[in-house]
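Structure first, then comments.
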Amino acid sequence: MNQAEVIAKLQAIFDTVFLEPVVLTPAISAKDVPEWDSLTHISLMVAVEKDFGVRFRVGEVENAKNIGEFADLILKRKQEP
Amino acid sequence: MDTGPLKTLLLSNDPAFWAQLKSLTKSARDFADLFLLSSLRKKAHARNLAGQNPSAKPLRFAILGGYSLYPLHELIEHLSELDGRPLELWQGDYDNYISEIMDDESELYAFAPEVVFILPAERRCTYTGQLTDPRAAQQAEAQRTVDALLDLARQVNAKTGAEVITTNFMLPARHDLGAFRSRSLGSDWSFRKWVNLELGLNAPSYLHICDWEFLANRLGGLAARDERSWFESKQPCSSALLVELAREAAQLVAALKRAPKKVLVLDLDNTLWGGVVADDGLEGIELGDTSPRGEAFKAFQKYIASLKQRGVLLAVCSKNDLARAQEPFQKHPEMVLKLDDLVAFKANWEPKSENIRAMAPELNLGLDSFVFVDDNPAEIEIVRQFVPEVTTILLGPDPSDYVAQLADCRLFEPRSITAEDAERTRQYRSDAQRQALAATVTDMASYLESLSMESIISEFVPVDVPRLSQLINKSNQFNLTTHRRSEAEVSAVMHDPNFIGFSVRLTDRFGDHGLISIVIGEKVGESMQIDTWLMSCRVLKRGVEEEVLNELVRLAQARGCTQLAGVYRPTPKNEMVRDFYGRMGFTLTAESETQREFALPLATFQPMPTKIKIIRRAYEPS
């Protein structure tokens, strides 16, 4: 899996959670999406961990500045045994 | 969970959105799913989508505690709203609950909540000394923890009159301390167990325990916790348990004002025993300790008998020949349930929907207090379609799961078990005997005379409050105003000098009917306004109505009133008392869609004669 493939899979999750369609790009971040508040964020993270089968470590999700960095984090955690 | 169709409904502003949201919410167990549903609900409100409970008045609900209450409050709001009870929320600050409760000036009190939900901090429920300290010292600290919580609840209740819900504490799920864990009250394991027990056993009637220990245990200790979510956002527990906690809180809020079901209607073949009695014969049915399947059916009967013990009425509805259907009850040695455990027995070839419909007037109960249990999907379906008021339970394929299905149905949970609940089957059965007597006595007056009725009329007293609130919240038919009141609200009436409140108990030679009528009046000037007048339909036309009026007049006159003012507020269920005040000699003074107002001048009132001997009257020394 590469970053683009992760973003494509994220797109499907975002489409479920958000009512208004959002087109994900590596540069997009929460502040660009009106519906992406702290409430939907919790929902998104639970869905991402479940769908990708990963578990983020404490505090690291908030360090990701945009979707590109978030996708990289998912890849990093997926490569763990 | 597929939310695609739901989103389509929302985007096209279709009010069918709400019904689908409700059904998806009912089945959602996953945190992310429930959360998504909640955010769709909020979006629907933002779009002003019509169709959701326009008339329901929001309940003022405050939530505070030692955790971040977001998003828990969101889930509770969602579940409660879709259960027909929208909430107006007030949320405390993170870990500020003690000062929010202690400080009379806090926003909590400005909000004037009707229900307050407290989640006390787990980290304050721990023994601060050594594991090896004397047990007395450890116990004293545990007791102080309990007392502090009870005191917080008492303060909230005293300052607001609100019902209070508090969580207790989850137990640790790690092996820490090993076997020593249960040998010292100083371990979190033992300390919290002790606190939880004492808290529950000593909770006053306005305090309801949201049993977090139980919920975590049910889910599994390891699955209940999520340390990361504590460090990141001060979440109280794992997201999986958060869903269960929210469901329990919503359930407790609903239970404050909604009565449990009253009647359990049972199928026979493959429900109470294995096999078909008409085909297999008395000896051929599977029941009892000789086979595993027979044991499972017997265990199910034992569980049903325990529901009866709690006050649930049992009835049978079976497609069968009556004599064949009754034979196991009379002759099978392994039957737990006997014919006299049942208040109705319908075994015939009519549709079950019609049989159940016929039971309601016989027992003087509304159809919505019935639950029907059957192993046959076709029978469940016919009842669902033709008597939709009845709640149905379709038993699964394995009789060893039957008990679990009923035990998890959440329809028969008592708020507080009163001695009268256990007596109820006897009361309903002696009703049948009384009706038999009525058939043998020719005129009504001599029938009533022969009943040797005695009555005690009492002002509201603290020991009656749970029973009073129970009756106020479940009585539908003979209820002039259907004004519901929680235990705290009943207590408030008891202490307000402008109000009178009394209850009536009735006995006759067949048994004790218990507390069967409640009246609340408010003195406004020289008028006694009848705020609440309700009565159990089991004692209709026995003279209780007349005695209640006599008592009302007496109390009103003693307080300087010159008239009684009564109001009838129609509901789908109280048609029977639409003209009640007229029958009692009141004059109709005003009428609208929503109410009919009546008045009765007291100067010319003559006490009405009855056949009831009044042993004691309200507000008089006994």
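The values are calculated or read from the model by the stated rules, or taken from the named source; none is laboratory data. If you're wondering where the values come from, they're calculated on a predicted model, not measured in any experiment. Positions of Cβ are backbone-derived with ideal geometry, glycine not excepted, and every protein chain shown enters the neighbour counts.
For residue A:62, the criteria (1) buried (at least 18 other Cβ atoms within 10 Å of the Cβ); (2) within 10 Å of chain B (Cβ to nearest Cβ); (3) in a helix (DSSP H, G or I) hold in every case but one, which is (1). Tally time: how many residues in the stretch B:9-44 are within 14 Å of chain A (Cβ to nearest Cβ) and surrounded by 12 or more Cβ atoms within 10 Å (Cβ to Cβ)? Qualifying residue count for the region: 23. Can you confirm whether the stretch B:41-57 contains a residue that is in contact (Cβ under 8 Å) with a residue 40 or more places away in the chain and under 25 Å from residue B:108 (Cβ atoms)? No, that holds for no residue. Just one residue in the set B:101, B:118, B:76 is surrounded by 15 or more Cβ atoms within 10 Å (Cβ to Cβ), in the same structural domain as residue B:164 (by TED's automatic domain parsing) and under 21 Å from residue A:38 (Cα atoms); that residue is B:76. On the given criteria, is residue B:487 on the phi < 0 side of the Ramachandran plot, surrounded by 17 or more Cβ atoms within 10 Å (Cβ to Cβ) and at pLDDT below 95? Answer is yes for this residue. If you go through the stretch B:219-271 and keep only what is within 29 Å of residue B:466 (Cα to Cα), modelled with pLDDT of 95 or more and charged (D, E, K, R), you end up with B:244, B:247, B:248.
Residues in the stretch B:132-153 that are exposed (fewer than 15 other Cβ atoms within 10 Å of the Cβ) and either of a type outside the set (Val, Ile, Thr) or not assigned by TED's automatic domain parsing to the domain that holds residue B:230 (or both): B:134, B:135, B:136, B:137, B:140, B:143, B:144, B:147, B:148, B:151. Is it the case that residue B:339 is touching a helix residue (DSSP H, G or I) at 6+ places or on another chain (Cβ under 7 Å), without any contact (Cβ under 8 Å) to a residue 60 or more places away in the chain and closer than 21 Å to residue B:397 by Cβ? In short, no.
Quick check on this structure: which one of B:179, B:173 is part of a helix (DSSP H, G or I) and either out of contact with any Lys or Arg (no Cβ under 7 Å at 6 or more places or on another chain) or away from chain A (no Cβ under 14 Å) (or both)? Checking each option against the conditions leaves just B:179.
Residues that are under 24 Å from the mean Cα position of the chain (by Cα) and among the charged types (D, E, K, R) were ranked within the stretch B:45-71; the one that is nearest to the other protein chains (Cβ to nearest Cβ) is B:60.
Looking across the stretch B:554-574, the residues that are in a loop (DSSP other than H, G, I, E, B) and either under 36 Å from the mean Cα position of the chain (by Cα) or of a type in the set (D, E, K, R) (or both) come down to B:559, B:569, B:570, B:571, B:572, B:573, B:574. Could you list, in sequence order, all residues of the stretch A:39-51 that are more than 8 Å from chain B (Cβ to nearest Cβ) and either surrounded by fewer than 18 Cβ atoms within 10 Å (Cβ to Cβ) or within 16 Å of residue B:235 (Cβ to Cβ) (or both)? Residues satisfying the conditions are A:41, A:44, A:45, A:49, A:51. Of the residues making up the stretch B:210-259, those that are hydroxyl-bearing (Ser, Thr, Tyr) and crowded, with 18+ Cβ neighbours inside 10 Å are B:229, B:238, B:239. Go through B:74, B:88 for me and flag whichever is within 14 Å of chain A (Cβ to nearest Cβ) and either of a type in the set (D, E, K, R) or in a helix (DSSP H, G or I) (or both). Going through B:74, B:88 in turn, the sole match is B:74.
The residue of the stretch B:79-97 that is surrounded by the fewest Cβ atoms within 10 Å (Cβ to Cβ), among those that are farther than 20 Å from residue B:258 by Cα and modelled with pLDDT under 90, is B:93. Among the residues of the stretch B:165-179, those that are within 18 Å of residue B:63 (Cα to Cα) and in contact with a Pro (Cβ under 9 Å, 6 or more places away or on another chain) comprise B:166, B:167, B:168, B:169.
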